[in-house]
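Participant: Please find one structure pasted underneath; my questions will follow.
The values are calculated or read from the model by the stated rules, or taken from the named source; none is laboratory data. Since the structure is predicted, the reported quantities are computational estimates derived from the model, not experimental observations. Cβ atoms come from the backbone with ideal geometry, glycine included; neighbour counts cover every protein chain shown.
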Amino acid sequence: MPMQQRFRFSALTLAALGVLSAPALVFYPVQAQTPPVDLAQRSPVVAAPAQATYAPGDAITVEFAGLPGNAQDWITVVEATAPDDTYGEWFYTDGQRSGSHSFSGLPAGIYEVRVYFNWPDGGYVVQERDRLVIE
């Protein structure tokens, strides 16, 4: 069965075609309507250390925002070269969309803060990562 198309025409188009003497509405092909998107889901996810550099053994504060609010969204700090399914000290956000958490100090090295959504359904798909240096 052929699909029926709808068109919207602008007044400028109709005026340019000589159909109208003054600008009116312009019609363009319209695609099927999609449900509105929850803006909270479109917010950028941010998880970053409060400082770019820490001394070995200093507690690491991570600030996060834009998470979807699942009880089992989680954040970890690992060596930057570690595979995505590797985790170090971690915590569940318990549905918080934003906040902060302190991790235990680590030895010198380059690390990443990694955010994962909705364990176990979200698996080990890193949603956000940010580097930090311990020197």
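Participant: I'm trying to understand the selection: among the residues of the stretch 88-120, which are assigned to a loop (DSSP other than H, G, I, E, B) and under 17 Å from the mean Cα position of the chain (by Cα)?
Facilitator: Within the stretch 88-120, T93, G95, Q96, R97, S98, F117, N118, W119 qualify.
Participant: Go through the stretch 86-135 and count every residue that is of a type in the set (D, E, K, R) and surrounded by 13 or more Cβ atoms within 10 Å (Cβ to Cβ).
Facilitator: 7
Participant: Here's a follow-up. Can you tell me which residues in the stretch 68-85 are exposed (fewer than 15 other Cβ atoms within 10 Å of the Cβ) and not hydrophobic (A, V, I, L, M, F, W, C)?
Facilitator: Across the stretch 68-85, the qualifying residues are E79, T81, P83, D84, D85.
Participant: Here's a follow-up. Go through the residues of the stretch 24-47 one by one and say whether even a single one is at pLDDT 95 or above, surrounded by 13 or more Cβ atoms within 10 Å (Cβ to Cβ) and either among the charged types (D, E, K, R) or not assigned by TED's automatic domain parsing to the domain that holds Y111 (or both).
Facilitator: no
Participant: Restricting to strands (runs of 3 or more DSSP E) lying wholly in the stretch 42-87: which have 2 or more residues that are closer than 23 Å to N118 by Cβ and over 14 Å from the mean Cα position of the chain (by Cα)?
Facilitator: Of the strands (runs of 3 or more DSSP E) lying wholly inside the stretch 42-87, those with at least 2 residues that are closer than 23 Å to N118 by Cβ and over 14 Å from the mean Cα position of the chain (by Cα) span 60-65, 74-79.
Participant: Can you say whether A65 is in the same structural domain as D121 (by TED's automatic domain parsing), loosely packed, with under 12 Cβ neighbours inside 10 Å and modelled with pLDDT of 95 or more, as far as the supplied structure shows?
Facilitator: no
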